[in-house]
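Engineer: First, the structure itself, so that you have it in front of you.
Derivation of every value follows stated rules applied to the coordinates shown; laboratory data play no part. Everything numeric here is computed off the predicted structure, so don't read it as measured data. As a convention, Cβ positions derive from the backbone with ideal geometry for all residues, glycine included, and neighbour counts pool all protein chains shown.
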Amino acid sequence: MNAKKSSKQLELSGKTILVAGAAGFIPSHLSEFYLNKGAKVIGIDNFITGSRSNIEILSKYENFRFHEANIFEKMPTFAKQKIDYIFSLASPASPIDFSELPVEIMRVNSEGTLHLLELAREKKARFLEASTSEVYGDPEVHPQDESYHGNVNIIGPRSCYDESKRFAESLTMNYRWFYNVDTRIVRIFNTYGPRMRPNDGRVIPNFVGEALRGEDLIVYGDGSQTRSFCYVEDLVCALDIVMFSDVYTPINCGNPDEYSILDCAKKIVKILGSNSKVICNNKLPKDDPKKRRPNIAKLQGISDFSPKVSFDEGIKKTAEYFRNYLKK
Ligand code: UDP
C-alpha cells in the first residue's frame, strides 16, 4: 500500500487527462481540479444529461479541449494525441434517468466503457472506472464494504444502472487481467453540491429546491431509509487518491455520515431557514435501498482521506448555486 499518495505529490503539467462525461456534475468538478493543477484535460460528452454551462466554465481554461460525442456509438479519434489518464464518468446516474434513459445507460456502461478501455489499451493510459454504491443494490450488509457482492434485483427498475455498472467493473478487471491495462475502480456513494441539475430528481436537489421555493419537502416512504452524503469537493479528492494509488481492486468513495431521509429533510429546512413543511408520502419507490453507508477503511488505508465539508456547509453552498440558477 502506498501511504498518503495522491496527485499532490505529482507533477501534472505535461500530463493529459481524458474525462468522459465532462459536462456532468462530478466530472466537471474533477476536470476543473486537474486543470488547476496544470494538466491538460480532454472532455467528452453528448449532453444527454450534462450541461453546456459546465463546459463553458471549463472552456475558460487554456488547457481544456472538448469533443461532443456519444462514446457508445463513436469515439472521437485521438490519432497522435498522448493520453496518460482516463476517467470513465459518462453515465447518467439519477433514478429519474433510470426510467427515462435505461438503454442509453446500459449502452454507455457497456459499449462506452469498452471503447474507453480500448483507448486506454492503445495509449497505455491508466483507466479509472467510476462505479457506484448501486452495485450493492438494496444491501443486506451494513455499512457496505468492498467485499460485499450486493443484492441487486436483476430485472428491477434500477437494474439498468446497477447491472451495467457491475458489468463495467467486470469488464475493467478483465481488461486488466487479459490485456494488462492499468486500471482502477471506485464505487461512488451519494454525492451532492453545486452544478447538480436542479431538476435531476435526486433527493438533495429536490429538497433544496423545495425549501428555497417554500414548498413542502416530499419524503418518499416513511423517511426511515438512510443515505450518506458526500460533498463534491471531498469526492474529487477521493477519486484523485484512487487514480494515483497502486490499488486496482474496487474502493468505496464517499462520506460515512449517515442520515435518515426524514432527518435529512428536516435538517435542510433548518439549515436554510425555510418555512417549508416536511411531508411523508408513504410511497417508497420499488427497490429503493433501505440503508446505505460506505465503509471507507480501504480508502483510509491508502491515504489520509477524511471528508472536510460538513453537511451544513455543503447544503449552504448547494443552495447558493441553486439560488443563482433560479435567478437566471
Ligand atoms: N427521495 C425522497 N424525496 C425526493 C427524492 C428522493 O424522499 O424528492 C428519497 C429516495 O426515495 C431515496 C433517497 O431519497 O430513498 C435518495 O434518493 P436519490 O434519488 O437521491 O438517490 P438514490 O440513493 O436512491 O440513488
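Engineer: Rg and Dmax of segment 130-239, using alpha carbons, in Å: what are they?
Structural biologist: 16.5, 55
Engineer: Right, another one. Among 114, 239, 272, which one shows the highest mean-square fluctuation when the chain is modelled as a Gaussian network with alpha-carbon springs under 10 Å?
Structural biologist: Comparing 114, 239, 272 in a Gaussian network model of the chain, the most mobile one is 272.
Engineer: Explain nothing, just the number: dipole magnitude of segment 198-328 about its Cα centre with +1 on each Lys and Arg Cβ and -1 on each Asp and Glu Cβ, in debye rounded to the nearest 20.
Structural biologist: That gives segment 198-328 a dipole magnitude of about 440 debye.
Engineer: So, one more: With just the Cα atoms defining each centre, how far is segment 136-191 from segment 291-326? Give it in Å.
Structural biologist: With segment 136-191 and segment 291-326 each reduced to a Cα centre, they are spaced 21 Å.
Engineer: Let me ask another. To the nearest 20 debye, what charge dipole does the chain have about its Cα centre, counting +1 at the Cβ of each Lys and Arg and -1 at the Cβ of each Asp and Glu?
Structural biologist: My answer is approximately 700 debye.
Engineer: Do any trypsin sites (Lys or Arg not before Pro) in segment 58-128 lie in a DSSP loop with no more than 12 other beta carbon atoms within 10 Å, and if so, which?
Structural biologist: Hits after loop and neighbour filter: 60, 74, 80, 82, 124.
Engineer: Please report, in whole Å³, the volume per residue of the convex hull around the C-alpha atoms of segment 1-127.
Structural biologist: In segment 1-127, the Cα hull volume divided by residue count equals 120 Å³.
Engineer: Taking the radius of gyration and the Kirkwood hydrodynamic radius from Cα positions alone, what is the Rg/Rh ratio for the chain, to two decimal places?
Structural biologist: My calculation of the ratio gives 0.95.
Engineer: In what sequence do 56, 258 fall when counting other Cβ within 10 Å, fewest first?
Structural biologist: 56, 258
Engineer: Okay, moving on. Rank 91, 244, 103 by how far each Cα sits towards the positive end of the charge dipole of the chain (+1 on Lys, Arg Cβ; -1 on Asp, Glu Cβ) and give me just the farthest.
Structural biologist: Toward the positive end, the furthest listed residue is 244.
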